[in-house]
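Structure first, then comments.
The values are calculated or read from the model by the stated rules, or taken from the named source; none is laboratory data. Everything numeric here is computed off the predicted structure, so don't read it as measured data. As a convention, Cβ positions derive from the backbone with ideal geometry for all residues, glycine included, and neighbour counts pool all protein chains shown.
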2 protein chains.
Amino acid sequence: MGMTLTGALEDRSTWSATGWCPVEKAVEIIGSRPAMLIMREAFYGTTRFDDFVERVGVAPATAASHLRTLVAAGLLERHVYQEPGARRREEYRLTDAGTDLLPVVLGLFQWGRKHTSTNPPISFTHTGCDEPVGVAVQCDAGHRVGLAEITATTVLPSVREPVPPPEHSAPAPRPRPASAG
Amino acid sequence: MGMTLTGALEDRSTWSATGWCPVEKAVEIIGSRPAMLIMREAFYGTTRFDDFVERVGVAPATAASHLRTLVAAGLLERHVYQEPGARRREEYRLTDAGTDLLPVVLGLFQWGRKHTSTNPPISFTHTGCDEPVGVAVQCDAGHRVGLAEITATTVLPSVREPVPPPEHSAPAPRPRPASAG
DNA sequence: CTCCTGGCTTCAGAAGAGTGAAGTTACCCA
DNA sequence: TGGGTAACTTCACTCTTCTGAAGCCAGGAG
């Protein structure tokens, strides 16, 4: 249960992830229904405002707000184009950063298909070899890795949050009851 | 840009993902800051209520509410235990369904580290071989797959949503600007 | 018997997100 | 000159979520 925490990470009473955790930042950007579904639609190839509104199923104001956030965060970019003889149009295109979110969206798809009562009439395959596509946790050596086989290590001597220096009388460092893992 | 849509999926004006999409269901459960961070903490090994409250940084009511949702959705389970000579305790443990969310959480971590200004002093390696651990999109044959190499296919003849039959005058099928994939 | 702790619940209030409807602007076409 | 459409914005409102503070209950420990 849980991954293996080594060294300074072992004692959970000495550190917290608040502040530096990439998951937090990521969730602030795409951690909402509209934002995530806009990204889903972007992966399906949707580029136009009204299509996002219709296909995600939100009000224009909501779509506009989230699209602005996603553009500001660099996941989408607004691109003006004009076909000959047609009026000027705008489209929202996936950037490299946006495309990098594919594992997350596909991971949610995979999880939802397995663990919720959804039976999607759609499936994803590798264009080259026709095999089903999914996400996997693995190491750089190519091994499939389960949660129990992950070791978390610290680069720094301490992951402690920046706190006022304990020079003067220490303000009673909360005694953690039986916190030793 | 976008994946390849084949057959009945090609014409985006004839279908929408609303209703059956696993991503939607998944997002309803874990698509919020508190829920996602509770899961992050669960992966780090947190099991007790007060620790979730403190480490996620939310009010008890918020934590209780989301924990209840996560238990109801089957990602965590409440487990009562009693060490000899100690009072009865409860803990929230990851279920198999909860553990299956690892690719998503790790995917968010990976994305956030690369695309937001977070420099986490922590890294994850494969316990066996010490190589860095990450998530990857790949097919069952083991090929790494990019967005452009994914083909979406339909199992059913049509993914069309139940709509009122377009018997009367059709409302001018919008000209799609360069939508052909 | 009272204290303390873990694990909550309850409450009132503030803040934020989402809505539908309508309005706005830019541009092409007839 | 007028119409249509894309891409929004604005408005007034509702609905939900989160918060802080307090309270509650059970079960050891002193």
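Brief remarks on what is shown
- Assessment of the range A:28-35 against the conditions (acidic (Asp, Glu), within 9 Å of another protein chain (Cβ to nearest Cβ) and touching a Ser or Thr at 6+ places or on another chain (Cβ under 8 Å)) yields no matching residue.
- Candidate set: the range B:1-27, residues that are of a type in the set (Val, Ile, Thr) and facing chain A (nearest Cβ under 8 Å); chosen: the one farthest from B:Arg68 (Cα to Cα): B:Thr4
- Restricting attention to the range B:98-121, the residues being in contact with a strand residue (DSSP E or B) (Cβ under 9 Å, 6 or more places away or on another chain) and within 22 Å of A:Met1 (Cα to Cα) number 9.
- The residue pairs whose first member lies in the range B:95-112 and is more than 7 Å from every other protein chain (Cβ to nearest Cβ), whose second member is surrounded by fewer than 23 Cβ atoms within 10 Å (Cβ to Cβ), and whose beta carbons are closer than 7 Å, counting only pairs six or more residues apart or on different chains, are B:Thr95/B:Gly74; B:Thr95/B:Glu77; B:Gln110/B:Gly134.
- Residue check for B:Pro60: within 16 Å of DNA strand D (Cβ to nearest atom), within 30 Å of A:Gly19 (Cα to Cα) and either under 22 Å from the mean Cα position of the chain (by Cα) or facing chain A (nearest Cβ under 7 Å) (or both): no
- Note on the range B:21-57: residues that are charged (D, E, K, R) and within 12 Å of DNA strand D (Cβ to nearest atom) amount to 4.
- Of all the criteria given as (1) within 7 Å of another protein chain (Cβ to nearest Cβ); (2) closer than 21 Å to B:Thr153 by Cβ; (3) at pLDDT 95 or above, the one not satisfied by A:His115 is (2).
- Contacts under 8 angstrom Cβ, first residue in the range B:63-84 being under 17 Å from B:Asp96 (Cα atoms), partner near DNA strand D (Cβ under 9 Å from one of its atoms), 6 or more apart: B:Thr69/B:Ala35; B:Leu70/B:Ala35
- Residue match in the range A:60-83 (condition: within 13 Å of DNA strand C (Cβ to nearest atom) and on the phi > 0 side of the Ramachandran plot): no
- Only one of the listed residues (A:Arg88, A:Arg55) is out of contact with any Pro (no Cβ under 6 Å at 6 or more places or on another chain), within 14 Å of DNA strand C (Cβ to nearest atom) and facing chain B (nearest Cβ under 7 Å). That residue is A:Arg55.
- Filtering the range A:30-77 to residues that are closer than 22 Å to A:Gly107 by Cα and of a type in the set (Phe, Trp, Tyr) leaves A:Phe43, A:Tyr44, A:Phe52.
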